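The values are calculated or read from the model by the stated rules, or taken from the named source; none is laboratory data. Because the structure is predicted, anything quoted here is derived from the model rather than measured. Positions of Cβ are generated from backbone atoms using ideal geometry, with glycine treated the same way; all protein chains shown enter the neighbour counts.
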Amino acid sequence: MTGSRPPTVVTPRSLDSSFWWGRESLDINARALGLREAGDLRAAEEIYRTGYDVAVRQGDHLAAARFLISVGACQLSTYRYQAALATFLNARHLAAAIEDHADLGAIAVNLSSLYLQMSDLPAAVLAAEDGLAEKTQPGLAYFKPYLLLHLGWLHSTLGDGAEEPFFAAGIE
C-alpha cells in the first residue's frame with residue numbers, strides 16, 4: 001500500500017472519517033500528496049508528521065493513526081526500515097486503542113511489505129494473515145484487495161500452492 005498509491009488518510013465525508021476533517025487537515029493532506037507525487041517523499045513525510053502533531057493536539061486519534069500510516073509509508077518507500085517499523089507499530093497501537101479495524105488491516109499490509117523487503121517471508125505472511133483476521137464492516141475494508149493480492153504473491157513466492165484463492169479473491 002506504499003509507493004505511489006494515495007495515502008490512507010480518509011477523505012472528508014467518508015463513513016469513518018474523524019471529526020478533525022476541516023480546512024487545515026485537507027490542506028496538510030493535499031500538500032503532502034503533492035510532494036509524494038513529485039517524488040519528494042522526505043518532505044511529504046514531514047508534512048504528514050505535521051498532520052499527526054495537529055491531530056494529536058486536537059485529540060483526534062483516528063486522524064493521528066492515519067497520518068502515522070502515511071509517515072511510515074514514506075519511510076518505507078525511502079528504505080528506512082527501522083523508522084518505518086517503529087512508525088507502523090505506533091500507528092497500530094493507536095488504531096488498536098480506538099478499535100479501528102480498517103486501519104489495523106492497512107497497517108498489516110504495510111508491515112507485511114516491510115518484512116518482505118527485509119527478506120523475512122515468515123513474518124511477512126504472519127503480518128498479512130493478521131490483517132486478514134481484522135473484522136471490518138463491509139465497505140470499510142479498503143485494504144482488503146491489496147492484502148489478498150499481497151498474500152497471493154507471498155504464497156506464490158513460498159511455492160506452497162496456496163496462492164490461487166488469494167489472487168482470485170483479490171481480483172474479485
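Overview of values
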read-out	value
From the options ASN90, ASN110, residue that is polar (S, T, N, Q), under 14 Å from the mean Cα position of the chain (by Cα) and farther than 23 Å from GLY39 by Cα	ASN90
Residue check for TYR52: at pLDDT 95 or above and surrounded by fewer than 22 Cβ atoms within 10 Å (Cβ to Cβ)	no
Residue tally, condition without any contact (Cβ under 8 Å) to a residue 24 or more places away in the chain and small (Gly, Ala, Ser), over region 115-157	6
